[in-house]
Every structure is written in C-alpha cells, then in structure tokens.
2 protein chains.
Amino acid sequence: MAYSNAYAPSAPELPESFDQQQQHHYPYQPTQHFSSSSSGMFSSETHPEIVRSFESADRYRSGFLEESELRQALLCSGYEGISNRTIRFLMFIYKIPGDSLLRLGPKEYVELWNCLAQWRAIFDSYDRDRSGKMNSTELRDAFYHLGYMLPTSVHQLIVSQFDNGTGKTVELSFDSFLECGMIVKGLTEKFKENDPGYTGYATIPYDVFMLMIVPFIASYD
Amino acid sequence: MAYSNAYAPSAPELPESFDQQQQHHYPYQPTQHFSSSSSGMFSSETHPEIVRSFESADRYRSGFLEESELRQALLCSGYEGISNRTIRFLMFIYKIPGDSLLRLGPKEYVELWNCLAQWRAIFDSYDRDRSGKMNSTELRDAFYHLGYMLPTSVHQLIVSQFDNGTGKTVELSFDSFLECGMIVKGLTEKFKENDPGYTGYATIPYDVFMLMIVPFIASYD
C-alpha cells in the first residue's frame, strides 16, 4: 500500500496560506550547502556567527562538538531553556553518520543550526501573541509546514505525552515543540530508511529495530 | 531468515547453571493464573497481600489502578526507589489491552506483581554481596534468564544509555535494571506482534510503528 494523504510521513506541498516571508525575520536561515568534500571544515559561505559559536564551544579544538559542548553552544547562541533530553535527541539525529561517537562536525552543526532556525521561525509564526506557547492544533499545522503529515492517532498520542496524564489542553513551549519535532523527525527518518520504496510499510530486522529506537529512550536528563 | 541464536529475541532454555531455587526466597511468586472470565476481579487463589495492596491503592474503588495509584501500591509493597519513568513503562506494558485509558485491572496487576517478583529475584541472585548493584555482564546474563538473548550491539547500546556519556563501567540499581528490562520486554513484544512467524524480520506500517514507540519516549519524570 502506498502512503495515502491521510498519513504520509513524507513532505507534502506547503499550503498556499503559509507565508514563506514569515521566516525572514530569523537570522542565519539556511543559505549554504556543503559538498561532500567539505566535511571537517566550514564552507566559506557559512555565516560567521555559526562558525564563531562552534569554535567557542569546541573547548579542546578537536574539530567536533560533544553533547556538553553543543549545550554550551546553543546557550550562547540565544537558545535558552532547551532541555538535556532535547539536546540528546539533537545529537542523536545530527551526529556524524557511521561514527561510533556521539559528536558533531562543522557540517552537522550547520545542518542542526539551520534546522533550529527553521523550527524557531515556524514556532514564532504561530505564537503571534508572543506567549511562548503553541496548542495541539497549531502543532499539527506546524508539523505539516515542516513536511510531516501525521496520522491523527499518532498526533494525539504525541500530544498526550505532554499533558502529564491530565488530559487537559496542552500548551507547548519551544523546547517541548522541538522535543516533539525531533521525535517525529528522527523516528520518521529511521522508518523511511527501511522503506526505500515509500510504500508505507517498513521491513525491519530485530537488531536494527532495537538499535534505531533505544537511543530515543535515553534515560537521563 | 529465522532467528539465529546470536540474536533471537525469544525465550532460550535456562542454562543448567541457573539455580531455580534462588527465586524461592521471594514472597508472592507466580502461582496462580486467571481464566479469561476472571478479568475484573481477583481469583480466589490470589495471594491476599496482592489483593490488599491493590485495594488500598484503589482510592475511589473504581476497580482499576491509575498511574499515581500504582506508584502508591508499589511503595506500600516495599518497592522503593522505582522512578516515575519506570512506572510509566510498567503501566504501558501491563495496561488493559485495547483500553484507551492507561490503567490496570486486577488481572493486569497480578501479572505486573508477578513480573516484579521474578525480576527482583533475578536481580538479587546476582547481587550476592547485597550492594544493590549489577554490572553489564550480569545484566546480560539476567536478560538471558528472563528469556531475552540480545545482540551484542543492542546490549552495548542499552548499557551506554546508563553511563551518562562517561563510557565508564555501569553499575545498575534495581530501578535501572527494571527500566532496562521494561524497554527490552516492551519493544521485543511489540516487534514480535509484527513478526508472527518469528522470522527475525517485522513488516510494520508507519502509524503502527509510531504508535508502538512514542509511549516509550514519555517525556516527564
């Protein structure tokens, strides 16, 4: 069965009502891309602020950021209030592919930075009263804009994880929005790796299944 | 491909070296089973201590235990130091099948109680010096005794979740052991539901994949 529109975990068209200009008030939007040969150093087109924040956080000039260094880099770049748990998700999703260590190089850091800028812009475009909160319906629309069309059952389950069992209306902070988003993005991408034909079904060996999920169940915060 | 011994997520034979008698010092070991008609009330063979703990925790005499009530029931039954996160896993794994609410009936509570007693006995059988800790090798052996033969890569990944990124030798408390165990048990059972022929491969639709994993990524503690 191919993905129906009802629950395609793929990238739908942006609806006409979405104003691309909304993103422009955020600095350091994605503008440059790396060639595969540029891994290990920044492209000359990289915004200086990104390079500066990486180099400031890279305490031992290793050329990589570990988890604690990423935490510091984000804090110094104005991303306050991001939980250790969300930072662990970011590390896991953006880590160097195939590297046994949990670390980011310049290429991965730029990708992560661009993702955060995009998600921050989407969050702010829904938070017009600057309350710093987003409700369940807005979350669904935001996911749609980011390319994730979630089945209703999945959306409801994700939202219910944030109501502390109260069943009350959820108001998500930017950190919670980012945490939800990294769960959806991370799991959907892992699923797609095992569904190369985009059929809506993935055939997964047991060890791959466990290895792809356990990092999301990171224990500490 | 059928499961090889190298990573069969199924129930292997107990090795000869494992002394079944080790479990006997624990009270309330599994002795009774329910018929399907007994759901909603305790079997007459249920140990009175189990009935008493359920009824004491069931504040509103609803006939069910919610998450906070289970926490209270376990605390009063001598299971101290079990984290909210582990209790959430227990609720998720033992909840009434098909029930939209996260709650336990008597039948589910007995099953959970028996599981805890078994896991406590296994933990204690490895903790001969009563330090309250278990190392990585002992964890692997304990999983084996409980019927889970994990691929090395999966075992290492799970253990690494508990070293707080230090890479140091992990010493697991009973709560961490239980948390590991519920992750392995829960995910393996979900996998098996999608691999009825025990081939080692599961074919899973996207929404089922997301619905089975998101509850393990519960946010709060």
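List of remarks:
- Scattering profile of region A:20-217 at q = 0.19 Å⁻¹ [log10 I(q)/I(0), Debye over alpha-carbon scatterers]: -1.51
- Average other protein chain Cβ within 10 Å of Cβ, residues A:152-162: 4
- The local environment of residue B:191, defined by Cβ-Cβ distances under 13 Å, has a net charge of -1 under the rule Lys, Arg +1 and Asp, Glu -1.
- Summing Lys and Arg as +1 and Asp and Glu as -1 over all other residues whose Cβ lies under 14 Å from the Cβ of residue B:204 gives a net charge of -2.
- Residue-by-residue Karplus 3J(HN,Hα) for region B:154-163, coefficients 6.51, -1.76, 1.60, Hz, glycine and proline x: 6, 4, 4, 5, 4, 4, 5, 5, 10, 9
- Extension gain for the segment residue B:189 to residue B:153, taken as residue separation times 0.36 nm less the Cα-Cα distance, is 11.1 nm to one decimal.
- Of the chymotrypsin sites (Phe, Trp or Tyr not before Pro) found in region B:72-134, not one falls in a DSSP loop while having at most 15 other beta-carbon atoms within 10 Å.
- Footprinting exposure proxy for A:115, B:180, A:76 (fewest neighbouring C-beta atoms within 10 Å first): A:76, A:115, B:180
Bear in mind these aren't lab numbers, they're just calculated from the coordinates by the rules spelled out. The structure presented is a predicted model; accordingly, all values stated were derived computationally and were not measured. All Cβ positions, glycine included, derive from the backbone under ideal geometry; neighbour counts span all protein chains shown.
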